[in-house]
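Trainee: First the structure, then my questions, so here it is.
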Amino acid sequence: KGVTIFNQTHTFTASALLQPKVEGEGFGNALLNNNQLGFIIQMNSGLPFNIRSNQDLNRDGLSNDRPLGIERNTGRLGRVFNLDARYVRFVKLAGRLRAELFAEAKNLLNTENVASVNRVIATDALGNPTAPIPTQFAPTGGYDQRSIQVGLKMTF
């Protein structure tokens, strides 16, 4: 018995798309109009994982056994925080021709979000842990770090 592999106790996602529309003429209005800013914020508690023994305890040929006294999916990855953003400037050209200048950022704050850990612990032949179970397991992989791209899109 234990929690499912996708049990997240806390999850929060928010997104917004801002596109100001100011009436009238003038440089300030022209500067504010034709812009678009979008963002997505994702926050959640870490996913659970199985803590495994470094030995095949039940001798079935698979090395995925849990140490004695360890329930299924009792390990927990660290929390995840991510902010993605996109800015677009629309430029009207001749006739129906329109350009979109944009910049996109994934993980804008460059937060280190752990996706996997070394979850194997040393046990004796009976399955008893030979050392205290760590509260934090060594990370072996993560989600994307900050990446930014800029581009131009032409619509005609």
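Trainee: Please find the FRET efficiency linking Q149 to E71, where r is the Cβ-Cβ separation and R0 is fixed at 30 Å, and quote it to the nearest 0.05.
Mentor: Working: r = 43 Å, r/R0 = 1.45.
For R0 = 30 Å, the calculated efficiency reads 0.10.
Trainee: Here is a follow-up. Just the accessible area for L47, please: 1.4 Å probe, Å², rounded to the nearest 10?
Mentor: Rounded to the nearest 10, the figure is 40 Å².
Trainee: Here is a further query. Using a 10 Å Cβ count of at most 10 others and DSSP loop calls, identify the longest part of the chain lacking such GluC sites (Glu not before Pro).
Mentor: On the way: sites that count: E23, E25.
Maximal segment without exposed cleavage sites: 26-156.
Trainee: Can I ask one more? For a protection proxy built on the mean count of beta-carbon atoms within 10 angstrom, sort 57-64, 133-140, 117-124 highest first, please.
Mentor: Put in order of decreasing packing, that is 117-124, 133-140, 57-64.
Trainee: Same structure, new question: Suppose only helical runs count, i.e. DSSP H with n ≥ 4. What mean residue ellipticity at 222 nm does that imply for the chain under -39500 (n - 2.57) per run, divided by all residues and rounded to the nearest 500 deg cm²/dmol? The partial results should precede the final answer.
Mentor: Details: 1 runs with 6 residues, N = 156.
-1000 deg cm²/dmol, from helical runs alone.
Trainee: Moving on to the next point. Can you work out the FRET efficiency for the pair F12 and R119, with r the C-beta to C-beta distance and R0 = 22 Å, to the nearest 0.05? Walk me through the intermediate numbers first.
Mentor: Working: r = 26 Å, r/R0 = 1.18.
FRET efficiency, F12 to R119: 0.25.
Trainee: Okay, moving on. Can you tell which of F49, L83, A122 lies farthest toward the positive end of the dipole of segment 4-127, using +1 and -1 charges on the Cβ of basic and acidic side chains (Lys, Arg; Asp, Glu)?
Mentor: Among F49, L83, A122, the one farthest towards the positive end of the dipole of segment 4-127 is L83.
Trainee: Could you tell me the accessible area of I148 in Å² (1.4 Å probe, neighbours in place), rounded to the nearest ten?
Mentor: 110
Trainee: Find how much the distance from V22 to D56 grows on full extension, using 0.36 nm per residue of separation minus their present alpha carbon separation; answer in nm with one decimal. All intermediate terms of the calculation are to be shown ahead of the outcome.
Mentor: Working: separation 34, 0.36 × 34 = 12.24 nm, distance 6.83 nm.
Gain on extension, V22 to D56, equals 5.4 nm.
Trainee: Where the only charges are on Cβ atoms (+1 Lys, Arg; -1 Asp, Glu), what is the dipole of segment 24-117 about its Cα centre, to the nearest 20 debye?
Mentor: Details: 12 positive and 9 negative charges, 48 e Å.
My answer is approximately 240 debye.
Trainee: Between Q36 and E100, with labels modelled 7 Å along Cα→Cβ, what's the label distance in nm to one decimal, could you check?
Mentor: 0.4
Trainee: What is the distance in Å between the Cα centroid of segment 77-156 and that of segment 7-68?
Mentor: 8
Trainee: How would D65, D144, D56 line up by accessible area, probe 1.4 Å, largest first?
Mentor: On the way: D65 15, D144 100, D56 50 Å².
Ranked list, largest accessible area first: D144, D56, D65.
The values are calculated or read from the model by the stated rules, or taken from the named source; none is laboratory data. Nothing here was measured: the structure is a model prediction, and the numbers come from that model. Cβ atoms come from the backbone with ideal geometry, glycine included; neighbour counts cover every protein chain shown. Surface areas here come from the heavy atoms of the whole protein model, side chains and all, with no ligands, DNA or RNA. Shrake-Rupley method; radii C 1.70, N 1.55, O 1.52, S 1.80 Å.
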